[in-house]
Structures are given as structure tokens and as C-alpha cells.
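*Asks:* Questions regarding the structure given below will be posed in turn.
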Amino acid sequence: MLALKKFYRAGLTPTLRRWQKSLSLYNMAGWLNPIFDVYTGGDARPVFHDIDATRPELRTLEAEFEVIQSEARAVLAAYGRLPSYHSIDTDVIRTSGRTQRDKRWSVFMLTCFGRTPLAAPALAPKTLELARQIPGIHQAMLSILEPGKNIAAHTGPSRAYLRYHLALMVPDENPPRIRLKDKYYTWVEGESVLFDDSWDHEVINESSQIRVILMVDFRRPMPFPLSAIARFMELVAHWRYAPRVLKSMDALLPPPA
């Protein structure tokens with residue numbers, strides 16, 4: 001019996017954990033990437049995308065920069081130090097919480113696959129309204145990097161979406177920058193960028209102030225039947241992924257009194 005317990009702890013339990021991790025929705029999304037690559041171009045796919053040619057509706061966010069920035073400041077004032085991203089979504093523990101544990105990458109979720117946390121309409125109603133108008137939206141959130149917090153190199157799980165950033169608060173000295181594949185982009189307050197999150201990327205942050213951006217993921221424009229596959233993935237995420245994210249968000253960041 002003792003030998004069986006040792007086997008269970010030393011062999012079976014780690015194996016089951018590896019299987020559970022590989023079968024997570026986050027990892028399973030990548031299984032369909034070879035299909036999407038028929039359209040994206042695979043290893044030849046672009047890193048950055050033209051906003052006006054790809055999803056011009058994103059320009060409405062840039063036009064309302066001051067309103068969105070003001071609501072972001074309200075979020076920071078309401079909570080002070082926000083929880084780490086991996087406290088909201090355990091799928092990002094490797095990039096959010098495995099290094100520099102004294103510093104945080106935090107998020108304030110606005111909408112997640114058609115579901116909205118309680119605090120979003122209370123503190124950022126206009127930003128939420130604007131984000132909901134983006135066709136094919138997956139998620140929208142405020143992304144906050146504490147001073148000196150880096151984000152380890154990683155790849156987004158799926159080619160089914162593209163990622164948009166609008167820089168809301170960027171330090172003047174040593175502004176953080178992101179490496180995407182072999183290209184670099186430095187955030188500039190008030191400016192936006194659109195890129196393919198499935199490329200290997202990391203954030204290098206040597207600043208002494210916080211960095212805040214609006215981050216929006218939306219369905220990559222693709223022809224049928226690829227668009228139908230992407231929509232099915234969104235439906236699965238609506239029922240399997242979003243509920244646990246919102247449960248954590250509502251528990252850790254309830255609407256302020």
C-alpha cells in the first residue's frame with residue numbers, strides 16, 4: 001500500500017496534471033492553428049497589421065482616448081493595487097507569476113466572450129460601450145504593468161484572433177517596449193498598434209512608473225469556413241472559459257461602494 005501511494009505521488013499525479021494542462025481550453029485552441037494557417041500564411045504571416053485595412057472600427061477607441069484614459073484612472077483610484085493577471089486567469093501563470101513575484105502584471109477585465117464583470121459598467125461604462133462595438137470582439141481589458149515588471153517570452157494560443165493595444169499611460173523615461181518575433185514596438189501614449197499575438201513575444205520594462213494600455217482581442221477577419229470555426233471556438237469560450245474568469249474578477253474586484 002505504501003509503495004502504491006509513493007507511485008501515485010511520484011508518477012501518476014504529475015502525469016495527470018500534465019494531461020490536464022495539455023487539455024486546457026487555452027492549449028487546445030492551438031490545435032486548430034494549422035487549419036487557420038491556410039489563410040494566415042503560417043510562418044510567413046505578418047507580425048503587425050494595418051488597423052484601417054483590417055478593422056477600422058478600432059479607430060473609434062483612439063478617437064475617445066481621453067475618455068478611456070480618464071476611466072482607466074478611475075479604476076486605478078478605486079482599487080489602488082490590482083490583483084495579478086494570473087489571479088484572474090490561471091492560464092497565464094507562467095507569464096504573469098513565475099518571475100518577479102514582487103511586481104505585478106494586472107488586468108481589469110471589461111468584457112470576456114460576451115460576459116461582463118460587475119465592476120466594468122460601474123467604473124468604465126464608456127470604454128465598455130466602445131469595446132462592445134468592435135465586430136467579433138473576444139476580450140477587452142485594461143492591462144497594467146507595475147514599474148520594472150517584465151512579461152516573459154510566450155506565444156498566444158490561437159491564430160483565430162488579433163490583438164490591439166491603445167496606450168493610455170506610458171512613462172516618459174525608459175518607456176516599456178514589446179518584442180514580437182524579431183521586431184520591436186515601443187508604446188506611445190495615445191497611439192495604437194495591431195499585431196498577431198500568436199508570435200513569440202515578450203515585454204521589456206525598465207521604467208520607474210506604471211504602464212496602462214487598453215487591450216482588445218477580436219476575431220481575425222477570415223473567409224468561410226474558417227470564420228465559422230473561429231465562431232464555434234468563441235461559443236466554447238463563452239461557456240467554458242469566461243465564467244471562471246468572471247467569477248475571479250467579481251470576487252477580487254467587486255464594484256466599489
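*Asks:* Please find, among R45, R59, R73, the residue that is open to solvent by 40 Å² or more (accessible area, probe 1.4 Å), under 30 Å from P223 (Cα atoms), at pLDDT 95 or above and not β-branched (V, I, T).
*Replies:* R59
*Asks:* Continuing with this model, one more query. Based on this model, can you work out whether V212 counts as open to solvent by 60 Å² or more (accessible area, probe 1.4 Å), farther than 22 Å from D37 by Cα, of a type in the set (V, I, T) and at pLDDT 95 or above?
*Replies:* no
*Asks:* Taking only segment 227-249 into account, find how many residues are within 15 Å of N33 (Cα to Cα) and touching a helix residue (DSSP H, G or I) at 6+ places or on another chain (Cβ under 9 Å).
*Replies:* 3
*Asks:* All but one of (1) open to solvent by 40 Å² or more (accessible area, probe 1.4 Å); (2) at pLDDT below 95; (3) under 17 Å from H138 (Cβ atoms) hold for R231; which doesn't?
*Replies:* (2)
*Asks:* Looking only at segment 207-248, count every residue that is in contact with a Lys or Arg (Cβ under 8 Å, 6 or more places away or on another chain) and not in a helix (DSSP H, G or I) and tell me the total.
*Replies:* Going through segment 207-248 one residue at a time, the tally reaches 7.
*Asks:* Please give the strands (runs of 3 or more DSSP E) falling wholly within segment 131-186 in which 2 or more residues are surrounded by 20 or more Cβ atoms within 10 Å (Cβ to Cβ). Working first, answer last.
*Replies:* Values: elements: 137-145, 151-154, 161-169, 177-180, 183-186.
Hits in segment 131-186: 137-145, 161-169.
The values are calculated or read from the model by the stated rules, or taken from the named source; none is laboratory data. No experiment lies behind these values; they were computed from the predicted model shown. Cβ: placed from backbone, ideal geometry, glycine included. Neighbour counts: every protein chain shown. Surface accessibility is based on the protein's heavy atoms, side chains included, excluding ligands, DNA and RNA. Shrake-Rupley method; radii C 1.70, N 1.55, O 1.52, S 1.80 Å.
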